[in-house]
Structures are given as structure tokens and as C-alpha cells.
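The values are calculated or read from the model by the stated rules, or taken from the named source; none is laboratory data. Predicted model, so just to flag it, every value in this text is computed and none were measured. Neighbour counts are summed over all protein chains in view; Cβ atoms, including those assigned to glycine, are modelled from backbone coordinates with ideal geometry. Quick note on the areas: whole protein, heavy atoms, side chains included, nothing else; ligands and nucleic acids left out. Shrake-Rupley method; radii C 1.70, N 1.55, O 1.52, S 1.80 Å.
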Amino acid sequence: MLPIVGYTNKLTAEPGETVDVMVSSFGAKTYSADLRQIIQGDTNPEGPGYKDHLITLDLGGTRTAISKPFKPGSCVIVPGLGALPAIQDFTLAAVVRPTLLDGRRRSIVALPGLAEIAIDGDGHLTGQAGDTALVSSVKLSTKHWHVVSLSYDARRELLSLAIARDRDEASTPPRAHIVSTKAVLAARVPSECIIAATRGADGELTAFLDGKVDRPALFDTCLEPDTIRTLLTDFALLRRQRSLLAAWDFSRRMTSRTICDISPFQMHGHIHNAPARAMTGWLWKGQELDWKLRPDLYSAIHFHATDMYDAGWDVDFTLTIPSDLKSGVYAVRLVPDGDEDSAYFCVFAVRPPRDRPSGNTVAFLFPTCSYMAYANHRLGMDVPGTEIGMGRAVELDRHHMFLQNNPGIGFSVYETHDDESGVFHTSRLRPIVDMQPKVKSFLGGFGSNIWQFNADTHILGWLDAIGQNHDVITDEDMHADGLTLLQRYNVVITGTHPEYYTRNMIEALQGFTDRGGRLMYLGGNGFYWVVSFNEDMPGIMECRRSEAGIRPWEPGHGQFYHGFTGEYGGLWRRNDHPPNHLCGVGMTSQGFDVSEPYVLSDNATDPRAAFIFDGISGPGIGNFGLAGGGAAGLEVDRADPAQGTPDHALVLAFSVRHTDIYLMTPEDLLDPTPDWSGTQADIIRADLTFFETEGGGAVFSTGSIAWAGAMAWNNYDNEVARMTHNVLRRFNEETPFDFPGGQGW
Amino acid sequence: MARYQITEEDFAFAREFMETPIGYHSPGLQRVLNRMRGADWTRKYVLVIEERYRLWRLAQLPVGRGAQVEIIEGVVYTDLVEAERDIFRRRWKDLTGQDLDTALPQTT
Ligand SMILES: [Fe+2]
């Protein structure tokens, strides 16, 4: 399958910067590494052919391949409890709502080696202190919150486990069920507190919870369940209790890793593997939908046994990017046991130096946010409907088989966790096995069937074929540096599917075209979802799919605002940055079977667009390609003044039919009727669109993911590639574009 | 469970599929394919790539994340369109009990 797998600690690095490489063996005994510039990754014999360049750089010869595991599962860890006085009498309490009970043992809150409240394989609440164990007759429910507690009274030598289920629908007060046993426990000092997991005998974290936990607390006295409930509902009252040793209020510092103890001991902790914060808590009853306005109601964390942030593998080696290495897309290639066919590619971008422009006036915008969104996606395995969307059977490549055997690698934001709640977070601090050259995909259409990174190499290969000097800059670079980076360029070229954008990114790119920059959007379904980075956790990204959009899950009621930033999740078009403003078109439909040509419109003869059609006649263009056999397809965008397409934008050509696999996006399908399909509805089309900006800039949008697959047809010698080159040539000239004002449509 | 059941009335669509397995389909054929390709399988046919763009093995993917992909020994394809036809025949058999090639009336 994949005998060797690895990742780098960054997806963008400048010359002179170091890059750490983490490698694990999944069967390989040894490996050797080299550095390659990736030019064209599609190995389809119908395509232009695979191409990379070996970079002369000694990466250290043959190494032993060491097996390193994936360790998924999130929790809260509060170290340093050893500073507390020895505990004799105690109460450990929390409010919990499990979201998956599937026979596995789950820990709710633990003082490892001292006390624990957990759920056993049958769903019963259990308590343990020292060698004494209690099992409640009450099972937990995935539909309700429960106040649970374990308390010890040394004078009475009595250990008690209590559970009270909140049953809103029954309109009856919750009643605690208590089970007790005689126990003699020595006074002891806890070392740490773990919430939603515990430690096994080997010291490793285990028994991860799928579910929400709210306001865990520890007291140095034995409290009655009713008293516990009263105290937990009121943090102001709780924090003044002399018996309080710790109480963690998850609604504090929700955008960070930090977990705050509101007791005077200030036993602060941190989250592990990035569980979802800013989630509706025990006391949320729909009072507010934005956690920023009532953070106190968002005091729950939703933990998952499948959460994954940082794989945390030991560094195998570190390379320094040569100071004279030109900007581009590179990969550390790991060759296991001399078997080149099984090589693994750790792909990253070498950006231009931060402190000085390279002199290149063209930049390829390497869409790392969209690669991260799809990182290790499992659509063809986890979602049965994928075959319907593809219009043919799912193909499983080697990396898919690896994903199937290693779900611990963590998910993309297309998956659900085992409890069927959506995956909000995706990280690049782990191998991203689909971000490699050569790999096939699910959604790339009949033909090459490649997606995201590998599909984007059709554009990299074209830049190489036409000899166009260019820089490669990443989404993360644009997020961090904004227009100070973009202003170096005349032209920014996107990938085939730049779907996921942070606010910094979309504002930087809008500012670029507003001020005279030229944008070539060579893709489809671009600038669609809002995503956020976390200032306290580098390498992770959040996406909450609120309200609309074609999406695999919803974030849950009251949970539409991102935990990382407080931004409203969902579509940019619902956040006053519709893609139509930026690029003239916006997502309209998708289908992953076959693609279509464009047919020229009357606008194609407009003198403003004459440079685009140099050497190109019509009436159709792009009746060929590696992505579904046409230039318009997979995911397609339409121009729409109602969504913000500039009035003077010229739709130069458009597709005139698609198969009935192409249906309407939910945001536009307010009233579903059976006429919204590719053979029936005009609105389902790709609009090839051009417009100038007032600042002398210009935008060329293909509104189609399949475009680059047509560029690569016939070894980049065709009318689609020619048109793209015509646009690039003019866009790269300094001469400002004239703004036609209110003309056009 | 899917409501639509495949019967002899779908012969015309089977014939249409065998003509053109990938691309434009009549609404009737699309409905047959939706039934065949939807979620109502405990094991779903998939193609495991042996050599990219050259050789595929037929396999079944059981429901459930992480389940072992089960290779069907001896069934290999060198052409994706042929693979589609073969999978269609197998599913026709699974859903109707009929061998499609024998059952399909030879007249049109
Ligand atoms: Fe997408």
C-alpha cells in the first residue's frame, strides 16, 4: 500500500529556511530521500506525461524507517495538580452528554490512579477510586445532559456515584440516582486531571469520549448531588466555595488551547488534539446563537475519539532550502527500500524570499487551505452517494487503501466523526496522503480523475511548457502577508479549485484586483467557504458549514460561529464577500462524470475581449480534456448580477448542457422541483467571464474545475491553453485596463 | 431503503446502459443507476487500482469506516467502460436474480 509516509512541518518555506521532515514506516525497513521540483503529476497516458526535476541536495543517504503510530483522540489535560494538598474527602463532578455509545469504555473525568468517572461498555455510569469500583444502574443517553459525580466521605467510609439526567421533554425535575459502597481510601495527592480520556497502564491516553463535557469540578469535601447541581449552575457562587479545588470553565479563552480553572488555585490546563470548543453547553436553550454574545452558554467542549491535530512524530531530518532555489512546488521524495514506484511525496511550496521580491511578475497561488480542507478525504469510501455523483464506480488508489486501513490519520472537513457530527478541523501537521503527484481521486471526472493538488499540476505543467517564470505563493502566505506580498505581481493565477478562504485571503485578493492586479481564476467553486486559522495552534483550520452550500453535514443548532475566531461560518456569499465580487462568477452546480465545451457568446466579439480570442475561432471551445472530456465541468460557476457580478462583466462563453448528475446548489434551490438539472435548467452552466476593475486591473474566470484538464490536452497545444496564454500575456503587461463603466450587461 | 425496484420494465434502460455506460442517460436509466449505485448495499462494488490507467481489480467495500476492502479474486479490467458494464450485470443479478444477458430480449 504505502510502505512509507511522511509530512513536513510547513507547507511553505522561503530560501534559507529549514523544513523538518517526519517519516514513519508502514512496512519499509529503510528509505532514502531526495528533493524534487514537481512540474506535472498526472500519469494518464492521454496526458502530457509525468515530470519532476531532481534538485541536487544531499538529504543524508539511506536511513532506517521507524514505525510511528497515529494517536487520535481529544481531551483536556490539566497537569500540575501535585501542588494541591492531599485529598481525603472529595467530590469529582461534571456535566456530560455522550454522543456515541458503541460498546467502548469512555472516560468522562479522571484523576489517573486516584479517581475516575466513566461510561462502561454497556453505557452505564461507573466510578472508581483506589481499588473500589461502582457501577450505576443508570445508563447514559446520547440525547440528554447528565450531572454526574463521584464523592467520598472518609468519616463514613462511603464512596458514592450519582447521576441525574436532564429530561426537558418530561417536564419533571431531574432526580439523582445514587449508588454507594463502603471503602477505605488513603489521602492522596493527584498528579493531573484528564477530561474526556484517561491514562492506561502504559501512561498513554486512552478511553476517549465521543461527547460533550461541561464544567468539570473537584472539591475537597463530600457533596450531595443536589448541592453539586446548585453550585455548578452558578460559577459566581461556585468559585467562592472554600471546598473548591478546581472548576474548569470551558467558555473562557475559547479561541485558544488554554483551559481555565476559575478556582483560586488556578490549575489551568490545555486541550489535546483540538476538540471543538465554543459548543452549546448544558445551559444553552436557544437563548442566543452567537457564542460571542453569551459565551457562558457555550461552556461545553465536544470531544471525539477521532480528533487529530498534530501527529507529533519525531523529526527524521531537517533540510535547509538552498538560498538560490527558485520559487516553486517541491517535494521531499521518500523512497522505501529502493522501490521508486512506492515513493511517497511530502509536497510543499518554496515561496519567494520574504524580504525582497524575486522579480517575477506572475504568481501561482498554491491553495493550501483547499488542500487542507480535502486532506485525507474519504468521500469515495464513507459516502455511498459518491458513485452516483461520479456516474461510475469508485476507484481506490493506494493512498485510499492506506486511509481505509489507517483512519487514525484523522479526517478532512468532508467527513463526520463516528458519532456523525461534522469534522470542523483539519490539520497539516500530519501526512496528507492525497496531496501527492500521481495519485488518483474520486471527483476528477472520467479521464485523469485527479483532484486538488494533482489536478493543479496541469497548471504548473503548462507554466513550465510555455516557459513562464513565476513565483509560487500559498494561501498561508497570502493570509499572513496580504497585499504586501500580492503587490509584487501583475498576475495571480489560481488553482483548479480554490474553494476555502480566510477573511484575510479574500480581502487581500479583492484589494489586489481593486488596485490594478490581474486575477486568473482557472477553476470552479472558488472562494466559497469561510475558514479560519487559530492563533494558538499553527497548522490547523476550522470550517463550520452553516446554513447552505453543498455540504456533508451541518454544525448543529447554535453552533454556526467559528470557535477559532468567532466568524460566522458558511458561505462567503452570506458574509458580504460573494465570489462574484472577486471573480465575476459563483458556484452553481457540480457533477463528476463528464464535462462539456463552452459555446461563444455575442460578447466574444467585444473589442475589450479581442486579446483573449487572438487565434481562436468558435463557435465551441474546449470539446476535449483530461477532466471529463471537456473544458467546462466537475464544479461550475455562473455569472449572476443578483449575487454581485459586476454589471460590465462580459460572459464570453458558456456551457449549454450538462448531464442530469449536475443539480442545483441548495443555496439557490429554495423550492426543489425536478426541473433543476443539467439537461433542463439554463442556470446550470459554466460562464467564462472577463471584466476590468476601476483600478486598471482585470479578472478572467473560467468557472470550471475541468478547464486545466483541457489546457493539458494534446501536450498543452490547444485552443484552451492558447486562450489562457493570451490572457496571461496581456495580464502581465503593465498597461492599465480601461474601465468601461456602466457598459456591458 | 430505496423505493424503486428494478423489474423487466427496465430492460430498455439496461440496453441503453450497455450502449453508453458513461455520459448522458435517459431519466429512466438514471433512476435504475441511482438504485444500483445508492446506499442500499452492505457491500459495494469498487475498483481497486492495480496499475493506474491500465489495470483494475473488482472489489467490495463493506459498510463501516475502516472495513477491509474485499478483493474479488480473478476479476480484473483493463478498461473502465467494460468494468461499468460488468458491474451493471452483477448488480442486475443481485437485484432481480436474473442473468441480464440471458434475460434481455434480443429484439429492441
Ligand atoms: Fe469542493
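For the reader, a short list of remarks on this structure follows.
- For segment A:75-303, the carbon plus sulfur part of the accessible surface works out to 49%, probe radius 1.4 Å.
- Reduced Cα scattering model of chain A, Debye log10 I(q)/I(0), q = 0.06, 0.07, 0.10 Å⁻¹: -0.40, -0.54, -0.98
- Listing of segment B:28-52 residues, each with accessible area lower by at least 10 Å² in the full protein assembly than in the chain alone (probe 1.4 Å): B:Gln30, B:Asn34, B:Arg37, B:Gly38, B:Ala39, B:Lys44, B:Tyr45, B:Val46, B:Leu47, B:Val48, B:Ile49, B:Arg52
- In nm, spacing of pseudo-spin labels at A:Ala236 and A:Arg104 (7 Å Cα→C-beta vector): 4.1 nm
- Segment B:8-106, relative contact order [Cα under 8 Å, separation at least 6], %: 20 percent
- Under-5 Å amide H pairs with A:Ala548, H placed in peptide plane, nonlocal only: A:Leu571
- Legend: calculated FRET efficiency, A:Lys285 to A:Ile66, from the Cβ-Cβ distance at R0 = 56 Å, rounded to 0.05, equals 0.65.
- In order along segment A:115-124, the phi-based Karplus estimate (6.51 cos²θ - 1.76 cosθ + 1.60, θ = phi - 60°) of 3J(HN,Hα) comes to 7, 7, 10, 8, 10, 7, x, 8, x, 7 Hz; Gly and Pro are listed as x.
- Computed from the C-beta positions of A:Arg188 and A:Leu293, the FRET efficiency with R₀ = 60 Å rounds to 0.90.
- Sequence-distant lysines (8 or more away, or on other chains) whose Cα lies within less than 30 Å of A:Lys71: A:Lys10, A:Lys29, A:Lys139, A:Lys143, A:Lys212, A:Lys438, A:Lys440, B:Lys44
- Stokes-Einstein, applied to the Kirkwood radius of segment A:294-399 over Cα pairs at a viscosity of 0.692 mPa s and 37 °C, places its translational diffusion at 173 µm² s⁻¹.
- Sorted peptide list for A:524-530, A:236-242, criterion being average Cβ within 10 angstrom, highest first: A:524-530, A:236-242
- Relative contact order, percent, chain A [alpha-carbon distance under 8 Å, six or more residues apart]: 13 percent
- The fraction of all Cα pairs in segment A:602-725 landing in successive 5 Å bins from 0 to the largest distance is 2, 11, 19, 22, 19, 14, 8, 3, 1, given as whole percents.
- Relative contact order of segment A:1-138, taken over Cα pairs closer than 8 Å and 6 or more residues apart, is 13 percent.
- Candidates B:Thr96, B:Thr78, B:Thr42, ranked by Gaussian network fluctuation over chain B, Cα under 10 Å, top entry: B:Thr42
- Full extension of the segment from A:Glu535 to A:Asn715, taken as 0.36 nm per residue of separation minus the current Cα-Cα distance, would add 60.5 nm.
- Of the GluC sites (Glu not before Pro) in segment A:358-426, the ones in a loop by DSSP (not H, G, I, E or B) with at most 11 other beta carbons within 10 Å are A:Glu420.
- Chain A, accessible area per residue, ligands and nucleic acids excluded (1.4 Å, Å²): 34 Å²
- Chains A and B together, accessible area buried on both sides, 1.4 angstrom probe, square angstrom: 3000 Å²
- Trypsin sites (Lys or Arg not before Pro) restricted to segment B:1-78 and DSSP loop, no more than 10 other C-beta within 10 Å: B:Arg3
- Ranking A:Ser171, B:Ser26 from most to least accessible surface, computed with a 1.4 Å probe over the protein chains only, gives A:Ser171, B:Ser26.
- Applying the criteria of a DSSP loop state and at most 11 other Cβ atoms within 10 Å to the GluC sites (Glu not before Pro) of segment A:485-594 yields A:Glu535.
- Label positions at A:Asp337 and A:Ser180, each projected 7 Å from the Cα along the C-beta direction, are separated by 6.3 nm.
- Segment A:364-731: C-alpha gyration tensor shape, a/c 1.5 cut-off, then a/b vs b/c: rounded
- Normalised per residue, the volume of the convex hull around the Cα set of segment A:267-316 (Å³): 130 Å³
- Spatially proximal aspartates and glutamates relative to A:Lys292 (Cα-Cα < 19 Å; intrachain offsets below 8 disregarded): A:Asp214, A:Asp249, A:Glu535, A:Asp536, A:Glu542, A:Glu547, A:Glu567
- Its Cα gyration tensor gives segment A:381-476 an equivalent ellipsoid. The semi-axes, each the square root of 5 times an eigenvalue, are 27, 19, 12 Å from largest down.
- In summary, chain B shows an alpha-carbon radius of gyration equal to 1.10 times the 2.2 N^0.38 Å reference for compact globular proteins.
- Model label sites at A:Glu554 and A:Ser243, defined 7 Å from Cα along the beta-carbon direction, differ in position by 4.2 nm.
- The alpha carbon convex hull volume per residue for segment A:75-303 rounds to 117 Å³.
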